[in-house]
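Beneath this line is the structure, given in structure tokens, with notes to follow.
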Amino acid sequence: LLFWGGLTVGCRGEKAFLRRADDSTGRCTYSFSVASPVEAACPDAGGVPELRAELASLAARLSRLESRERGMGGSGPRGNEAGDTWDPQQTSSAARLEAAYSELLRVKSRLEEEKVRLEKEKEELGRRLESSAQEITRLRANRCLPGGEGPGRDPPRAPGKGSRWDPQPLAYQELQSERTEVPVSRLLEETTLGRPGGKESGCGELVWVGEPIVFGRADSIAGKYGVWMKDPEPVSPFTRETTWRVDAVGTEVRQLFQYEAAEQLARGYPAKVHILPRPLESTGAVIYRGGFFFQPRRSRAVARYDLRGEAVTAEREIPGAGYHGQYPYAWGGYTDIDLAVDETGLWVIYSTDKARGAIVLSKLNPETLEIQRTWETNIRKRGVANSFVICGTLYTVSSYSAPNATINFAYDTATGASRALSIPFENRFRYLSMVDYNPTERQLFAWDSFNMVTYPVRLSHA
């Protein structure tokens, strides 16, 4: 190229182009261009020579607009003071902050709704807990040992190392029935049994039941219902202090816990655990003359387990007896067949289709389990919470859950007559699942919602 007199011309006489445009300060600028002798096109111009001029014109217009805005004292998109320039980055930050603020407001609204919901749930839970606060206080006050955590206890270890027996995996065998009291319309004809006589035998009619005394408490769900007892006529090596216990919740209840004394039971450490050859059902078992008498699961039979030989020595069906939920007590628990002991021997309490749900009472031979005599009462079995026998008389408890229940009926096997009673009986823990009489100690043994208790009694001597 040659420069001559301020004009630029091609060395080979190519035609030159003159351009005029304002620069960024608003001044008019002239520019000249000429085609390259060696390049057909410029790669950075995209093949359009006019594009750069148009971009320069747009830049100039944008600069003029900014100048005018500054001259008018504008604040820009974000309302800055006069003389400030518009910053696109600041505008973007403001938009993000506004979006974050809106999200925080939405989160706050959701949290307030959740707070209202939780307050409603808290009020409902408070109402539920208030109804049982008194019972919880009593449970803590009478608790003999701290309860184990979880559904089981500590695994068994060597004696003397503070071990506890581990119960089997749990599953409920409870069958809850509705509590009703329906009188039987007809009195069934009874046979008679001579009652053991007077002052020498210490027999009489029940006239008073004292307040319950807590001896121990089960520390797992397996012990919600259960049986505990002493043998009124023990055989060696066992004594009258030897105490026995069964936790009755489970589908395979086989464990019979042996304690040297009731104090050992309170501490929760058995001296021995007998594994029954067959699982038992319900809470109707008793200990008598060295034998453990129980109802095998899902049967109408009664079995005798010899505590010394650790084997079943006798088993016999109770003819027509309901079982596995046909004629239980009011609280349920498959308590169709209930065994009892008194001054005269071994009894079984049940019902049959023939008796139409009324209590049937039979005297058993404790060695062979042969039925010696049977009585049909006019007391409906589902209408009472439990029963026991004292001196040949059957007594029933009105309710398993009412705190102020009563001994409400008595059936005398000597006369074949029943009568209504109203002897106060306290259900301190509101779930009585077992009650039996011990004629040697002259006490009732009972299981009341995890708690093993005794009741002192008083008999009249007419």
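The values are calculated or read from the model by the stated rules, or taken from the named source; none is laboratory data. It should be emphasised that the depicted structure is a prediction, and the values quoted were computed from it without experimental measurement. Positions of Cβ are generated from backbone atoms using ideal geometry, with glycine treated the same way; all protein chains shown enter the neighbour counts. The accessibility values were calculated without ligands, DNA or RNA, using every heavy atom of the protein model including side chains. Shrake-Rupley method; radii C 1.70, N 1.55, O 1.52, S 1.80 Å.
Write down the Kirkwood hydrodynamic radius of the stretch 206-459, to one decimal in angstroms, obtained as one divided by the mean of 1/r over all alpha carbon pairs.
The Cα-based Kirkwood calculation yields 17.8 Å.
Residues of the stretch 206-459: accessible area per residue at 1.4 Å, in Å²?
The answer is 31 Å² per residue.
Which number do you get for Rg(Cα) / (2.2 N^0.38 Å) in the stretch 213-253?
Relative to the 2.2 N^0.38 Å estimate, the stretch 213-253 comes out at 1.37.
Expressed as a whole percentage, what fraction of the accessible surface of the stretch 206-459 belongs to carbon and sulfur atoms when a 1.4 Å probe is rolled over the protein heavy atoms?
Roughly 45 percent, rounded to a whole number.
Show me the ranking of peptides 317-325, 212-220, 338-346 by mean Cβ neighbours inside 10 Å, starting with the highest. List each step's numbers first, then the result.
Details: 317-325: 17.7, 212-220: 20.1, 338-346: 22.2.
My ranking of the peptides, most packed first, is 338-346, 212-220, 317-325.
May I ask you to compute the full-extension gain from THR239 to ARG61, defined as 0.36 nm times their residue separation minus their alpha-carbon distance, rounded to one decimal in nm?
Extra length from THR239 to ARG61 when fully extended: 52.6 nm.
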